[in-house]
Every structure is written in structure tokens, then in C-alpha cells.
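A.B. asks: What follows is a structure written as C-alpha cells; I'll ask about it next.
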């Protein structure tokens, strides 16, 4: 088609697994390629191909993202013992998301998609809350040991010159356990800059929380790095933008968040962010209605759905049974990536299309046409539950109307 929107720079496209892989193709076929001369550099991150390439494809996709600046990723399987057998894997490959985060040195930002009829469980939340999660260290790179009765655990730092600093952790009179965690000043600094840059990008206040009153060295380091970078690099920019940065203890932050109306970014350490992002997503309604973007400190973006591969629906699909799978988060990963690609390339037509596709998606749900999971949440009086493909076709009908109205 001669009138399709042109793209000057490729998007990095990372395909995935199971039901989301099926939806991925449907979205492209129904909602993207009829309108866009889609220019992507494709990487198959499906578990079979990751296994075939010894996971090299994951590393290659991350490097391509650094090269082109924008990627869109389908949900992928992180294998466990059951998947080892099911997929006949060579080894239990690591999480592709974790690998990509580490290579990009990125921070994950997750935000709910607000639609009429799906009301947050916390009634005061009238605006989205974006959760910013540090993606390095803490218990995700921990070292653990069992400690038998009579043993002694010490924390030992061996300096470059061979000298040591020791601190007693505990003398075990009975059996116990011990864990060591670490983080890096550079990674904390990257986390801070990504949060400050994102806040400026969306013009929202930034909150940051840890527990420095208890963790007087580890958590306090996070607080100090954030404060130093803010004062020296971002304070004037925040004042010009009319937004605020402040630090608070995480227990105080939880109380503030629950009482708030939303409309801000909440930055958390790795584990805190893991837990709180699911809490925020559930309280807003559904992980299927969350955007997720990984942002590196040097301005590289990777968009993805916040949920998994919808395995139960995939097994139904393989049996030829009808599925009603929510594709909104995957669809918004595409629109987010297309909009950012358009922004970086000064391609207004691509940015406008992304906006209109999101508008058509929200309109479809607010007019009562939705998948089964959303129907269970929706307070709309009239609802029509449709299957996976029909939902996308209904969005396409409204997208056509929006594009036609714009031409008149």
C-alpha cells in the first residue's frame, strides 16, 4: 500500500512465547501492517530459539536495542524445572528480561492504563501511579548459605591491598541461614538519572523510598546518591518543569500512596519495586492493563507487557478452543515503541497513529466490548465478551473510523 506510514529507523522487535506470541502476530496483521510500512529488526526470543542459540539471541537483541534506541518485546518464558522437560532445554536459561535489563542498565517503569468502567480498588486513585523499579542487585544477585549450629557468620571486605575489614553477623547456637546482598554506586546512579529523566519527560512528581533508618549504610547509600544527583544535576530542571522530588521511608510512602489521588512516579529498590508494582497493578485492576517500559540512563527504551505468556489460554488455543485473552498491555507496548520511534525520528505521522490506536483501544472497552478478564472487572451495565481475535478486529473498526474522521 502506497499510503502506509513510512519508518526511517528500525524498531528492534523481540518476539516471545505461548499465547502472547499468537497475539503478537494478530496485532501486527490486524492493526499495524495495514497502516504502517513496518520497519523492524526481528529477534525470536521464543524459548525454543533461545535454547537453540544458547541464549545468544537475547544478548544480540539487547545490543541491537542499544544501537537503534527503541525496542518492543513480547512476553517470554523464564524456565523452571517443568519447562526444562516440556521444552527439552539444554539448561535453565535466565530471564530474558533480567538479561536485557542488565545489558541496558535500565530502570523499569510500569503504569496502569485507565479506562471508564474499570475502577481501582482504592477509590482515591483517579490518576495513574507509575512504579519505577531498580533492576540490579539486592536479593536478585544474592549469595546464600545455611549456617549449622555452632558456626559463626562474618561479613568480610578484602581491599585491593589485601587488608580486610570484618564484621560479625551472628554466632549460631542453633541451625540458621545467612544471606549476602550487594549493589553498585554506578547502577544506583543510573537508576536515579533514569527516574529523574522520566519524571521530566512525563512532567510528574518523583517519590523515592527506602528504609535508611534501619539500613544505615546500604539503603542510606541509595538516599545519598539520589540526593546528590538531584541537587547537582536536576534541581533547576525540576523547578522549571514545576515538578517535585522528595524522599521518604518506604512505610511512610505506602501510607502516602494509598491516601493519594495518584499522578506521580514512585521509585523503589529492586525487591520493593517487584512487590509494589504488582500491588499497584492489582489495585488498579489488572496486570493486563499495565504499560511497562525499560529506560536506560542514556535514553534507550524497551517497551513490553507487564504480564506473562498466558499459558492456560495457550493450551486451550492448541486444542482449538476459543480464547478471550486480554491483548491491551501487548498492544500498548507496540504503541509506546512506535510513539517513541516517531519522537526520536521526528515522524509526527507515526506518533499520531500510536495515539489514535490507543484511543481506539480504550474506546472499544468503554463501549462495552472486551475480553473475559476485563468483563469480570468492569462496572459497565452493558458488556459484550468477545474472543481474542474479535477484540482486535473491534479495535480496528474504531481505528478506521477515527482515521477516516481525521481525513474529513
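The values are calculated or read from the model by the stated rules, or taken from the named source; none is laboratory data. In this text, all values refer to a predicted model and were calculated from it rather than measured experimentally. So basically every Cβ, Gly included, is an ideal-geometry build from the backbone, and we count neighbours across all protein chains shown.
A.B. asks: Check whether at least one residue in the range 201-214 is part of a helix (DSSP H, G or I), in the same structural domain as residue 265 (by TED's automatic domain parsing), buried (at least 20 other Cβ atoms within 10 Å of the Cβ) and under 24 Å from the mean Cα position of the chain (by Cα), and report yes or no. It would help to see each step written out before you state the result.
C.D. replies: First, the residues of the range 201-214 that are part of a helix (DSSP H, G or I): 201-202.
Those left that are additionally in the same structural domain as residue 265 (by TED's automatic domain parsing): 201-202.
When the remaining residues are screened for being buried (at least 20 other Cβ atoms within 10 Å of the Cβ), the result is none.
No: zero hits.
A.B. asks: Here is a further query. What are the residue pairs meeting all of these: first residue in the range 169-196, first residue within 25 Å of residue 153 (Cβ to Cβ), second residue buried (at least 17 other Cβ atoms within 10 Å of the Cβ) and at pLDDT below 95, Cβ atoms under 6 Å, and 6 or more apart or on different chains?
C.D. replies: That search, which allows pairs on different chains as well, returns 181/138; 182/137; 183/137.
A.B. asks: So is residue 406 closer than 20 Å to residue 27 by Cα, surrounded by fewer than 16 Cβ atoms within 10 Å (Cβ to Cβ), out of contact with any helix residue (DSSP H, G or I) (no Cβ under 6 Å at 6 or more places or on another chain) and free of Cβ contacts under 8 Å to residues at least 60 places away in the same chain or not?
C.D. replies: On the way: closer than 20 Å to residue 27 by Cα: no; surrounded by fewer than 16 Cβ atoms within 10 Å (Cβ to Cβ): yes; out of contact with any helix residue (DSSP H, G or I) (no Cβ under 6 Å at 6 or more places or on another chain): yes; free of Cβ contacts under 8 Å to residues at least 60 places away in the same chain: yes.
Spelling it out, it is not the case that residue 406 is closer than 20 Å to residue 27 by Cα, surrounded by fewer than 16 Cβ atoms within 10 Å (Cβ to Cβ), out of contact with any helix residue (DSSP H, G or I) (no Cβ under 6 Å at 6 or more places or on another chain) and free of Cβ contacts under 8 Å to residues at least 60 places away in the same chain.
A.B. asks: Check whether at least one residue in the range 138-160 is part of a loop (DSSP other than H, G, I, E, B), in contact with a helix residue (DSSP H, G or I) (Cβ under 6 Å, 6 or more places away or on another chain) and surrounded by 17 or more Cβ atoms within 10 Å (Cβ to Cβ), and report yes or no.
C.D. replies: As a first pass, look at the range 138-160 and keep what is part of a loop (DSSP other than H, G, I, E, B): 142, 148-151, 159-160.
So of that shortlist, the ones also in contact with a helix residue (DSSP H, G or I) (Cβ under 6 Å, 6 or more places away or on another chain) come out as none.
No, that holds for no residue.
A.B. asks: Restricting to the range 321-330, what's the tally of residues that are under 22 Å from residue 5 (Cβ atoms) and either in a loop (DSSP other than H, G, I, E, B) or not assigned by TED's automatic domain parsing to the domain that holds residue 18 (or both)?
C.D. replies: 1
A.B. asks: Within the range 92-118, count every residue that is in contact with a helix residue (DSSP H, G or I) (Cβ under 8 Å, 6 or more places away or on another chain) and more than 23 Å from residue 330 (Cβ to Cβ).
C.D. replies: Final tally of qualifying residues: 2.
Every residue, every condition in (1) in the same structural domain as residue 106 (by TED's automatic domain parsing); (2) buried (at least 16 other Cβ atoms within 10 Å of the Cβ); (3) in contact (Cβ under 8 Å) with a residue 40 or more places away in the chain; (4) in a helix (DSSP H, G or I), yes or no:
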| site | (1), (2), (3), (4) |
| --- | --- |
| 313 | yes, yes, yes, yes |
| 332 | yes, yes, yes, yes |
| 340 | yes, yes, yes, yes |
| 350 | yes, yes, yes, yes |
| 353 | yes, yes, yes, yes |
| 361 | yes, yes, no, yes |
| 381 | yes, no, no, no |
